[in-house]
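Accompanying notes for the structure given below.
The values are calculated or read from the model by the stated rules, or taken from the named source; none is laboratory data. Not measured: the values here are computed from a predicted model. Cβ sites come from the backbone with ideal geometry, for glycine too, and all protein chains shown count toward neighbours.
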Amino acid sequence: MKINEYDYYNNLATWSFNDIHFTEELFTNWIYEEKIKEHTNEFSKILDLGTADGEKVLKNFPDCAEILGTDFSVEMIKTANQNLINSGRKNITFRVMDNLKINTPDNYFDLVTARHTKIDPTQIYKTLKPGGCLILRGVDKLDCWELKYMFRKGQGYKDLKPISLIDYENILDAGFENVELVPIHIREYYRTKEDLLALLLKMPILMDFSEENENDNLKLDIDMTLLDKYINSHKTKKGILLIRRYYGIIATKSK
Ligand SMILES: C[S@@+](CC[C@H](N)C(=O)[O-])C[C@H]1O[C@@H](n2cnc3c(N)ncnc32)[C@H](O)[C@@H]1O
C-alpha cells in the first residue's frame, strides 16, 4: 500500500477512536484542553488547524464568540460538518484550508490551536491578534520508541532533530514570545492485540511520517512476528503497555 499524507487522512475521515479499547495514565500535568480553557473567554475567536472530523472541537472546546476548524482533507471537513449538525453547537464553522497556506485575516484570532498536525508558525503569527496565543500539542520523536526501535521505523524515527525542537525553534524564529515547551508522558494500556493492531493500522506510528522529509511515499506493512514479540514483552495486568511521548507548546504574539 503506497499512499501520500493527504490520501492517508482522507481515508480516515469516518473512523473513530471509540472503536479501540485502551486506558491511560498521565504522568505530566499539562492538559491541552485545560490550557485552551485557561486562555479563552466568551469573547474569544479560535482557529483550530488540522481539525480533522471536528470531534475534539465539538466535544472539548469552550463556548465562545467564534471557532473556525480547518483541515486540508475534503473528506474530513465533510464529516466535521455532519458532526456539527448532529452536535447542535453554535458559533462553529468548518472549512477546507491547508495549514501551510493560511488564508484567514491578519490580526484576527485570539487563539490558534493545532493538535497533532503540521504547522507554519510564521503564518499562525500573522493571523493572530497582537497578544494572541498559540497552543499546540505534537507527537514527539520518542513516542512509542521501544516499538519503533524494534521495527527500526516509524513516525520521526529517522529525524535527526526531535520534532518538538523543530517546532520550538520555528516558533521562536516566527517572533513569538514566552514560548514554553513541555514534554508530555503518558502510558497507554491496550486491552487486546486487536486493539493495539487497530491503532497501528490507523495511526502513523509505524509509518515513516517525518518532519524533515517529504511524506509522499507512505508505506505501511506490519511484521506480525515483531509485533507479537513486542506484545509478549509488554503485557501487564492493565493491558499491553505503549509509552507515549507528546509535547505541548504555548506561545504569545507580542502586543
Ligand atoms: C492526526 S490528525 C489530528 C486531528 C485533530 N487535530 C486531533 O487532535 O484529533 C491530523 C490532521 O491534520 C490534517 N493535516 C495534516 N497536514 C495538514 C495540512 N498541511 N493542512 C491542513 N490539515 C492538515 C489531517 O488531514 C488530519 O485531519
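Of note:
Condition check ((1) of a type in the set (A, V, I, L, M, F, W, C); (2) closer than 25 Å to D98 by Cα; (3) buried (at least 21 other Cβ atoms within 10 Å of the Cβ)) across all residues:
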| position | (1), (2), (3) |
| --- | --- |
| P121 | no, yes, yes |
| K126 | no, yes, no |
| G132 | no, yes, yes |
| E146 | no, no, no |
| K161 | no, yes, no |
| N170 | no, yes, no |
| A174 | yes, yes, no |
| E188 | no, no, no |
| L196 | yes, no, yes |
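- Boolean, T117 is within 16 Å of the ligand (Cβ to nearest atom), among the polar types (S, T, N, Q), within 29 Å of E38 (Cβ to Cβ) and in a loop (DSSP other than H, G, I, E, B): yes
- A search for C-beta distances below 8 Å between a residue of the stretch 198-219 that is assigned to a loop (DSSP other than H, G, I, E, B) and any residue that is polar (S, T, N, Q) and at pLDDT 60 or above, counting only pairs 6+ apart in sequence or on different chains, returns M207/Q155; D208/Q155; F209/Q155; S210/Q155; N215/N4; D216/N4; N217/N4.
- Enumeration of residues in the stretch 141-162 that are among the aliphatic types (A, V, I, L, M) and modelled with pLDDT of 95 or more: L142, L147, M150
- Residue match in the stretch 94-108 (condition: in contact with a Phe, Trp or Tyr (Cβ under 8 Å, 6 or more places away or on another chain) and aliphatic (A, V, I, L, M)): yes
- Any chance D195 is within 30 Å of T40 (Cα to Cα), charged (D, E, K, R) and in contact (Cβ under 8 Å) with a residue 40 or more places away in the chain: no
- The C-beta contact set for the stretch 94-115 (first residue under 18 Å from A52 (Cβ atoms), second residue of a type in the set (D, E) and within 16 Å of the ligand (Cβ to nearest atom), distance under 6 angstrom, 6+ apart or interchain) comprises L100/D120; T113/D48.
- So K90, is it loosely packed, with under 15 Cβ neighbours inside 10 Å, charged (D, E, K, R) and within 12 Å of the ligand (Cβ to nearest atom): no
- Single match in D7, D53, D48, D71 (criterion: within 12 Å of the ligand (Cβ to nearest atom) and without any contact (Cβ under 8 Å) to a residue 24 or more places away in the chain): D7
- Only listed residue being in contact (Cβ under 8 Å) with a residue 24 or more places away in the chain, surrounded by fewer than 18 Cβ atoms within 10 Å (Cβ to Cβ) and among the aliphatic types (A, V, I, L, M), chosen from V182, V139: V182
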